């Protein structure tokens, strides 16, 4: 446990890998990436739902698939309800 903000304490940290990563963190990561793709930023335009799915399916920088990045269970669940992400995005945008 880190009890201070000294740089030395942060140097001891290591990223979690594989099964060490809680499924909740993977789900939040996927939702965050989808949100970032759908919303315009000063360095990029907003993407359509279809384009966001395309980018999430095959990550260009790493060459990894969505299933490899988010795990097969989370990826399959996302694919089965991805239309809801689009509906929620549109509802929030219009609110």
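Rule-based calculations on the coordinates, nothing more; no lab input. Every value quoted in this text rests on a predicted model; they were computed, and no experiment measured them. In this analysis, Cβ positions are derived from the backbone assuming ideal geometry, glycine residues included, and neighbour counts consider all displayed protein chains.
For the chain, the longest principal axis of the Cα atoms and the long axis of helix 23-38 meet at an angle of about 50 degrees. Considering only 12, 44, 57, the Gaussian network model of the chain with Cα springs below 10 Å gives its largest mean-square fluctuation to 12.
Please give the helix 72-94 orientation as an angle from the longest Cα principal axis of the chain, in degrees from 0 to 90, rounded to the nearest 10. On a 0 to 90 degree scale, this one is about 60.
Fully extending the segment from residue 19 to residue 57 would add 11.6 nm, taking 0.36 nm per residue of separation and subtracting the current Cα-Cα distance.
When shorter helices are ignored and each DSSP H run of at least 4 residues is given -39500 (n - 2.57), the per-residue value for the chain at 222 nm works out to -19000 deg cm²/dmol. Largest first and in whole Å, the equivalent-ellipsoid semi-axes of the chain read 28, 18, 14, each the square root of five times a Cα gyration tensor eigenvalue. The modelled label-to-label distance between residue 93 and residue 68, using points 7 Å beyond Cα along the C-beta direction, is 3.0 nm.
Of the Cα atoms belonging to the stretch 1-53, the radius of gyration and Dmax stand at 16.4, 44 Å.
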